[in-house]
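Visitor: Have a look at this one.
The values are calculated or read from the model by the stated rules, or taken from the named source; none is laboratory data. Note that the coordinates shown come from a computational prediction; the quantities given were computed from them, not determined experimentally. In this analysis, Cβ positions are derived from the backbone assuming ideal geometry, glycine residues included, and neighbour counts consider all displayed protein chains.
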């Protein structure tokens with residue numbers, strides 16, 4: 001059977017499984033999931049302390065729980081995050097672990113403008129701001145919250161938004177655990193195990209995972225192993241301390257780009273390659289303490305060290321090796337108080353943070369036969385003060401949010417090759433935030449938001465990067481205007497929408513020709529992102545459907561002349577020209593069903609429209625084509641066992657994930673290079689879980705009130721009646737029936 005005929009046959013069979021699941025849903029109504037109208041939002045404050053729900057948060061918040069991630073079939077954090085409206089993930093490294101995440105048109109060009117926060121700690125690397133997603137074990141994640149748009153409360157380098165990740169900790173069960181193993185195409189194998197529990201006021205959790213992937217393309221293998229430990233102590237109702245440690249070892253191969261002709265001939269081939277080995281040690285300490293007069297304090301500290309070695313980085317006309325050592329330390333203190341002045345509910349939070357990071361790097365190699373070496377050390381010191389207040393002007397109807405943050409950054413760097421290049425840069429910025437929320441007892445709500453954000457140049461942008469030299473760079477500033485609404489449609493359906501405009505000044509933009517070994521970073525006077533995001537969700541008995549669509553227009557707002565391959569050619573950029581690699585349209589559809597027998601299935605599709613190539617800022621070349629992909633999954637649960645199979649890119653579509661204009665070394669002329677997207681992959685396996693007893697004392701503290709009530713009701717109902725309907729299928733972690741929305745035992749810290 002040919003590939004083109006086999007895929008529809010597989011699709012038809014799998015859809016039959018889904019429909020079969022629905023046909024036996026005699027008691028389907030008991031599996032309906034009520035729409036969660038008013039979620040508690042942990043990341044709306046710098047540190048989660050006092051409770052702040054979505055109805056009082058002037059932002060479009062996307063939330064994924066551990067159970068939803070597990071049922072989705074996501075194999076990486078990026079695959080989970082892209083389930084949320086407005087999120088685009090694309091492959092620019094050539095392997096399965098290092099997809100880039102795009103929020104509202106900020107797509108890591110040249111460095112990420114999205115802040116990723118894990119348990120209150122920013123995990124963007126100090127040298128280039130990148131996020132190494134493979135260093136955040138998916139099995140440890142309890143909750144993901146995505147806040148699109150410039151974030152004031154989280155400070156610098158969050159122009160595109162903030163991805164707030166909370167990891168699991170032990171409890172409320174006295175003992176619980178999960179383990180599993182799976183295998184799939186391209187030599188992908190994974191095993192994981194986790195256990196945790198509560199002993200009186202002590203809670204603990206241990207998680208280990210090991211994953212290997214041979215890679216869809218040649219020389220694109222990945223090997224990641226992780227161990228995570230967490231312990232907490234609740235001295236009394238007003239005190240909680242948690243310690244965490246995560247260790248990750250990884251070895252990644254990165255397949256390079258291909259010419260369009262090479263990709264058409266064989267998208268699996270590879271003519272350039274890179275190998276990277278790294279080790280992470282990550283320590284965290286968090287404490288929450290009730291204080292007199294209604295105050296509470298939250299304190300968070302961390303030490304994060306990562307060593308990375310790139311013994312081989314071979315391009316078409318370059319060869320290099322690199323070593324780097326990065327260490328960051330920091331502490332954040334926040335004081336909060338919730339009271340009712342003049343009979344109006346008010347939540348105020350103020351605090352400060354201090355961080356110091358150091359990066360040592362040594363890079364050597366040759367471009368086109370010309371040798372180069374870069375060896376430098378840098379130290380960045382950051383300090384900030386912040387304040388945010390949310391006041392209910394009319395109870396449960398009108399609330400006003402106002403916030404401000406002052407950031408000061410100092411970056412010093414030493415060049416061991418050319419000491420005269422050493423220097424220091426200082427940046428400071430005050431960013432405000434104002435929001436208004438309107439609500440209705442029937443669940444209707446809306447918000448208006450004005451916020452500002454800024455990004456400081458990274459060390460590798462300020463100083464030399466490889467053989468490249470950059471002129472002085474100014475910090476990036478952004479002003480964001482946003483309107484949003486939430487509209488319930490009965491008890492099991494809803495609509496959500498948001499419209500935004502983000503005006504950016506002095507955006508740092510790379511102008512490069514990687515084949516010729518030429519590149520520099522410049523400040524672009526004005527750019528803009530405007531767009532609309534909307535989503536719909538409906539549940540009926542055992543069935544659930546979700547749809548989302550986002551429209552994003554990312555444009556240059558000032559004319560200029562930029563370099564273009566082959567260097568020293570130039571191109572004219574006009575006002576209104578599109579920024580590269582930002583799709584105008586992104587849409588997703590997900591259908592799922594679950595039967596009381598334990599059988600479940602899900603189908604999902606996602607489409608991304610065409611994008612401009614990197615290097616085609618003048619919009620004169622043909623665009624990178626859009627694509628639509630579909631995934632399919634099915635699972636069967638019986639007692640503590642769960643069997644699953646998931647297929648990604650079911651129809652085995654061939655598509656380019658990323659496009660770059662550069663000099664073709666064979667002809668010396670302009671070349672179109674692409675990174676091929678991965679083809680069809682199937683992954684299946686088995687998971688096992690257990691849980692014994694509960695500790696109401698632990699449960700009442702670690703989980704939001706709504707989740708506590710859901711878990712208590714579910715545990716009382718018994719294990720066979722506690723699970724909600726599947727949003728999909730997956731293999732990450734074992735779901736304990738009765739945990740809120742399918743979450744594993746243990747709440748967010």
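Visitor: Given the residues 412, 403, which is the only one that is surrounded by 15 or more Cβ atoms within 10 Å (Cβ to Cβ) and modelled with pLDDT under 95?
Guide: Only one candidate passes the filter, namely 412.
Let's see how each residue does on (1) out of contact with any helix residue (DSSP H, G or I) (no Cβ under 7 Å at 6 or more places or on another chain); (2) in a strand (DSSP E or B); (3) surrounded by fewer than 17 Cβ atoms within 10 Å (Cβ to Cβ):
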| position | (1), (2), (3) |
| --- | --- |
| 538 | yes, yes, yes |
| 545 | yes, yes, yes |
| 555 | yes, yes, no |
| 566 | yes, no, no |
| 570 | yes, yes, yes |
| 576 | yes, no, yes |
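Visitor: Which count do you get for residues in region 266-316 that are in a strand (DSSP E or B) and either without any contact (Cβ under 8 Å) to a residue 24 or more places away in the chain or farther than 30 Å from residue 664 by Cα (or both)?
Guide: So the answer is 27.
Visitor: Can you tell me which residue within region 193-223, out of those that are closer than 30 Å to residue 692 by Cβ and part of a loop (DSSP other than H, G, I, E, B), is modelled with the highest pLDDT?
Guide: The selected residue is 201.
Visitor: Next question, about the same structure. Among the residues of region 178-191, are any in a strand (DSSP E or B), buried (at least 21 other Cβ atoms within 10 Å of the Cβ), free of Cβ contacts under 8 Å to residues at least 24 places away in the same chain and under 22 Å from the mean Cα position of the chain (by Cα)?
Guide: So far as region 178-191 goes, no, none of its residues is in a strand (DSSP E or B), buried (at least 21 other Cβ atoms within 10 Å of the Cβ), free of Cβ contacts under 8 Å to residues at least 24 places away in the same chain and under 22 Å from the mean Cα position of the chain (by Cα).
Visitor: Oh, and also: Can you say whether residue 621 is surrounded by fewer than 17 Cβ atoms within 10 Å (Cβ to Cβ), touching a strand residue (DSSP E or B) at 6+ places or on another chain (Cβ under 9 Å) and part of a loop (DSSP other than H, G, I, E, B), as far as the supplied structure shows?
Guide: Criteria met by residue 621.
Visitor: Any residue at all in region 42-54 that's at pLDDT 85 or above, at negative phi and assigned to a helix (DSSP H, G or I)?
Guide: Yes, region 42-54 has at least one match.
Visitor: Given the condition under 26 Å from residue 182 (Cβ atoms) and more than 29 Å from the chain's Cα centre (by Cα), answer yes or no: does some residue in region 654-666 qualify?
Guide: Checked against the condition, which is being under 26 Å from residue 182 (Cβ atoms) and more than 29 Å from the chain's Cα centre (by Cα), region 654-666 yields no hits at all.
Visitor: Hey, another quick one. Can you find, within region 224-234, the residue that is farthest from residue 289 (Cα to Cα) among those that are surrounded by 17 or more Cβ atoms within 10 Å (Cβ to Cβ) and at pLDDT 95 or above?
Guide: It comes out as 224.
Visitor: Moving on. Quick test of your reading of the structure: residue 157 fulfils all but one of (1) under 23 Å from residue 306 (Cα atoms); (2) modelled with pLDDT under 95; (3) in a strand (DSSP E or B). Name the failing condition by number.
Guide: For residue 157, the failing item is (3).
Visitor: Among the residues of region 604-618, write down those that are over 19 Å from residue 553 (Cβ atoms) and surrounded by fewer than 22 Cβ atoms within 10 Å (Cβ to Cβ).
Guide: Scanning region 604-618 gives 605, 606.
Visitor: Does residue 415 qualify as being within 25 Å of residue 370 (Cα to Cα) and in contact with a helix residue (DSSP H, G or I) (Cβ under 9 Å, 6 or more places away or on another chain)?
Guide: Considered against the rule, which asks whether it is within 25 Å of residue 370 (Cα to Cα) and in contact with a helix residue (DSSP H, G or I) (Cβ under 9 Å, 6 or more places away or on another chain), residue 415 comes out as yes.
Visitor: Also, quick follow-up: Would you point out which residue out of 203, 213 is surrounded by 17 or more Cβ atoms within 10 Å (Cβ to Cβ), more than 22 Å from residue 135 (Cβ to Cβ) and touching a strand residue (DSSP E or B) at 6+ places or on another chain (Cβ under 8 Å)?
Guide: None of the other options fit; the residue is 203.
Visitor: Given the conditions (1) surrounded by fewer than 16 Cβ atoms within 10 Å (Cβ to Cβ); (2) over 24 Å from the mean Cα position of the chain (by Cα), and given that residue 281 satisfies all but one, which numbered condition is not satisfied?
Guide: That leaves (2) as the condition not met.
Visitor: Can you tell which of 429, 373 is surrounded by 15 or more Cβ atoms within 10 Å (Cβ to Cβ) and within 29 Å of the chain's Cα centre (by Cα)?
Guide: Only one candidate qualifies: 429.
Visitor: Could you pull out every one of the strands (runs of 3 or more DSSP E) wholly within region 62-152 that has 3 or more residues that are under 24 Å from residue 193 (Cα atoms) and within 13 Å of the chain's Cα centre (by Cα)?
Guide: Filter on region 62-152 gives 141-148.
Visitor: Right, something else. Keeping to region 422-460, report how many residues are assigned to a strand (DSSP E or B) and touching a residue at least 24 places away in the same chain (Cβ under 8 Å).
Guide: So the answer is 25.
Visitor: Residue by residue through region 667-679, note down the ones that are part of a loop (DSSP other than H, G, I, E, B) and either within 26 Å of the chain's Cα centre (by Cα) or surrounded by 23 or more Cβ atoms within 10 Å (Cβ to Cβ) (or both).
Guide: 677, 678, 679
Visitor: Just give me the residues in region 624-659 being part of a loop (DSSP other than H, G, I, E, B) and over 30 Å from residue 560 (Cβ atoms), in sequence order.
Guide: Scanning region 624-659 gives 639, 640, 649, 650, 651, 652, 653, 654, 655.
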